[in-house]
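Shown next, in structure tokens, is the structure this report addresses.
The values are calculated or read from the model by the stated rules, or taken from the named source; none is laboratory data. Note that the structure is predicted; figures quoted are calculated from it, not measured. As a convention, Cβ positions derive from the backbone with ideal geometry for all residues, glycine included, and neighbour counts pool all protein chains shown.
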């Protein structure tokens with residue numbers, strides 16, 4: 001668990017900041033792109049999942065999913081929404 005602290009912090013901040021910046025520049029397309037990226041990652045995980053892995057390795061995979069991949073995806077989508085909103089407000093004003 002201790003080795004996931006820095007990746008978790010990076011997962012909470014970096015994708016969101018990048019998506020926010022791109023969303024401010026390109027608008028709602030970044031939001032749709034973030035959903036497509038999330039779908040590709042989920043499909044890849046579904047294809048590569050193996051039911052016969054050891055319980056310790058399965059636990060490590062679960063921790064990685066919940067503490068790195070899920071926060072990164074949420075940060076990416078929320079940053080894209082905020083950036084697209086700011087892009088829209090700039091067009092209206």
**Request:** For residue 22, indicate whether it is in a helix (DSSP H, G or I), modelled with pLDDT of 95 or more, out of contact with any strand residue (DSSP E or B) (no Cβ under 6 Å at 6 or more places or on another chain) and on the phi < 0 side of the Ramachandran plot.
**Result:** yes
**Request:** Test each condition in (1) free of Cβ contacts under 8 Å to residues at least 40 places away in the same chain; (2) in a helix (DSSP H, G or I) for residue 51 and report the one that comes out false.
**Result:** (2)
**Asked** From the set of residues in the stretch 15-48 that are surrounded by 13 or more Cβ atoms within 10 Å (Cβ to Cβ) and over 20 Å from residue 87 (Cβ atoms), which is farthest from the chain's Cα centre (by Cα)?
**Response** 41
**Fill in**
When every residue in the stretch 72-93 that is over 20 Å from residue 11 (Cα atoms) and surrounded by fewer than 18 Cβ atoms within 10 Å (Cβ to Cβ) is compared, the one modelled with the lowest pLDDT is 93
